[in-house]
Amino acid sequence: MDHSKAPVLEALAAYHAEGQTPFTPPGHKQGRGADPRVREVLGDAVFHSDVLATSGLDDRMSSRGILEQAQALMADAVGAEHTFFSTCGSSLSVKSAMLSVAGPHEKLLVGRDAHKSVVSGLILSGIRPIWVTPQWDPRRHLAHPPSAEAFEAAFAEHPDAKGALVTTPTPYGTCSDLSAIAQVCHRRGKPLIVDEAWGAHLPFHPDLPTWAMDAGADVCVTSVHKMGSGLEQGSVFHLQGELIQPEVLKSREDLLGTTSASVLLYAALDGWRRQMVEHGRALYDDALALAASLRTRIARVDGMHVHGPDDFCGPGRAADMDPLQIIIDITALGTTGYRAADWMREHHQVNLHLADHRRISAQLTHADDEHTGQTLLTALQDVAAHAGELRPAEQVEVPDPEQLRLEQVLLPRDAYFGPTEQVPWEKAVGRITAEMLTPYPPGIPAALPGERLNTHVVHYLRTGIDAGMVVPDAADTEVKSVRVAIED
């Protein structure tokens, strides 16, 4: 296939060249109706390229097959059999994948470190989750993806499960042994869904972790806006093999997706694919070299430990890690990642990827260079020099893994949509939560609908919020009260 082509971008250029006049949405009509104050901030180009996909970019019959051409090129670029674009982020893509594998009251094996979008899919679908326990590092208080052995055991106990879902890489950059998990699934004729939202770049350089399609996954969901050059919400999901039919996956996406997809997002996805095919190897040569250099320089900063494979990979831990996710343990500074991240934003206008009770992280991509790297390093050096101002920090009571694991009493859907009440947090212990309680980022629920709360998880959230944790999806975002199910 000719990867110098970019069908969406070329069609958009033709639309402009032809001087077409729309009597269709969007109502701003190429920006003519937009408030000049808005255009001053956003620029005219945004409005000029915001056109309908049909009866705009293509005719009303989509006879030119512009989107289909772009998706076929994307599939060819990464070695998938089918690719679908999504303009609603991987939050929609992963739901589409789940619904193509299991239906209401059917079982799906799911790593318990799944993103909140997966839990939303469980709530909407009525799928019965069979939770697979992640691998817990008790020394560093960090979870890595579940092992193949854990999925094997879950299938042995639940042979009627329709398939499995694993999240890899995690927001901390750690990766599962996908090939082994795929083999576990395929020995039983069951599909494997991979939420690879943080792995858009993986197909384009051999020194990055193995990506899902190469490892044998059936469906892979990728957020191009996270590690690629896509606009926010730009996502793709890839399919291979015969365990899931492409028309079924497309139908599920149609069920959930918008009928007013953004051509802006399509165009960015299309252009990113061309960029990666033509220049990806060289771009990631540079990005990986920058990451290696920064890791060395950051490790010299007093009080900062940069996590590497020796920390994160090995028996009982992750199978691999993405070196572009720079995870820094700042325990020795005597403060929390929350306070350090806030200080860096206030004093250096540096926004970090995530922060927790003891870590901060910086996400590098092919867009970074020595200038942005030096900006990060300067801010880190300065936060270390001012660590005394960030002490003492509120302590977060992080439970042990067996205390974090809650009993799933009700289906997520039944707890979420059933009768509920809001109770003070002290009285929520022992009750069944009817909402997600999710530290964000990274967006992995500490408690989800249908789980019975215990003292450890409630105190973890309360002390976390006092220390700077954000729990945005709770009805009471300070978790001074909790929405719980009314039990008979």
Of all residues making up region 444-461, the number that are in a helix (DSSP H, G or I) and surrounded by fewer than 20 Cβ atoms within 10 Å (Cβ to Cβ):
3
Selection within region 299-325 - in a loop (DSSP other than H, G, I, E, B), under 21 Å from the mean Cα position of the chain (by Cα) and of a type in the set (D, E, K, R)
R317, D322
For region 14-38, which residues satisfy the criterion of being surrounded by 16 or more Cβ atoms within 10 Å (Cβ to Cβ) and either assigned to a helix (DSSP H, G or I) or of a type in the set (F, W, Y) (or both)?
Y15
Test E407 against the stated conditions and say whether it is among the acidic types (D, E) and open to solvent by less than 70 Å² (accessible area, probe 1.4 Å).
no
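Look through A428, A434 and report the one residue that is closer than 21 Å to Q403 by Cβ and among the hydrophobic types (A, V, I, L, M, F, W, C).
Going through A428, A434 in turn, just one is closer than 21 Å to Q403 by Cβ and among the hydrophobic types (A, V, I, L, M, F, W, C): A428.
Take E394 and decide whether it is open to solvent by 50 Å² or more (accessible area, probe 1.4 Å) and touching a residue at least 60 places away in the same chain (Cβ under 8 Å).
On the way: open to solvent by 50 Å² or more (accessible area, probe 1.4 Å): yes; touching a residue at least 60 places away in the same chain (Cβ under 8 Å): yes.
Yes; evaluated as a whole, the condition is true for this residue.
If you go through region 239-256 one residue at a time, how many are farther than 15 Å from Q71 by Cα and either open to solvent by 20 Å² or more (accessible area, probe 1.4 Å) or part of a helix (DSSP H, G or I) (or both)?
Going through region 239-256, the residues farther than 15 Å from Q71 by Cα turn out to be 241-245, 248, 251-252, 254-256.
Next, only the ones that are either open to solvent by 20 Å² or more (accessible area, probe 1.4 Å) or part of a helix (DSSP H, G or I) (or both) stay: 241-243, 245, 248, 251-252, 254-256.
Final tally of qualifying residues: 10.
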Quick one: is V383 among the β-branched types (V, I, T), closer than 28 Å to D207 by Cβ and buried (at least 18 other Cβ atoms within 10 Å of the Cβ)?
no
Return the pair list, or none, for Cβ contacts closer than 6 Å from residues in region 338-365 that are outside any strand (DSSP E or B) to residues that are basic (K, R) and open to solvent by 20 Å² or more (accessible area, probe 1.4 Å), at least 6 apart or on different chains.
N351/R345
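Could you run through region 404-418 and say how many residues are farther than 19 Å from L124 by Cβ and either of a type in the set (S, T, Y) or outside any strand (DSSP E or B) (or both)? Spell out how you get there, then give the answer.
So in region 404-418, the residues farther than 19 Å from L124 by Cβ come out as 404-407, 409.
Still in the list and also either of a type in the set (S, T, Y) or outside any strand (DSSP E or B) (or both): 404-406, 409.
Residues that pass the stated criteria total 4.
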Working only within region 370-396, note down all residues that are modelled with pLDDT of 95 or more and either polar (S, T, N, Q) or under 24 Å from the mean Cα position of the chain (by Cα) (or both).
T372, G373, Q374, T375, L376, T378, Q381
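Residues are listed down the side, and each one gets a yes or a no for (1) open to solvent by 20 Å² or more (accessible area, probe 1.4 Å); (2) under 22 Å from D286 (Cα atoms):
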residue	(1), (2)
P315	yes, no
M321	no, yes
L324	no, yes
Y338	yes, no
E370	yes, yes
Output for Cβ contacts, cut-off 6 Å, separation at least six or different chains, first residue more than 17 Å from T477 (Cβ to Cβ) and of a type in the set (K, R) in region 446-466, second open to solvent by less than 10 Å² (accessible area, probe 1.4 Å) and not in a loop (DSSP other than H, G, I, E, B), reads R452/I432
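Go through P399, P441 for me and flag whichever is in contact with a His (Cβ under 8 Å, 6 or more places away or on another chain), farther than 30 Å from P104 by Cβ, modelled with pLDDT under 95 and open to solvent by less than 10 Å² (accessible area, probe 1.4 Å). Walk me through how you get there before you give the answer.
Values: P441 fails: open to solvent by less than 10 Å² (accessible area, probe 1.4 Å).
Criteria check complete, one pass: P399.
The values are calculated or read from the model by the stated rules, or taken from the named source; none is laboratory data. Computed from a predicted structure; not experimentally measured. Note that we place each Cβ from the backbone using ideal geometry, even for glycine, and neighbour counts take in every protein chain shown. Heads up: the accessible areas ignore ligands, DNA and RNA and are worked out on the full protein's heavy atoms, side chains in. Shrake-Rupley method; radii C 1.70, N 1.55, O 1.52, S 1.80 Å.
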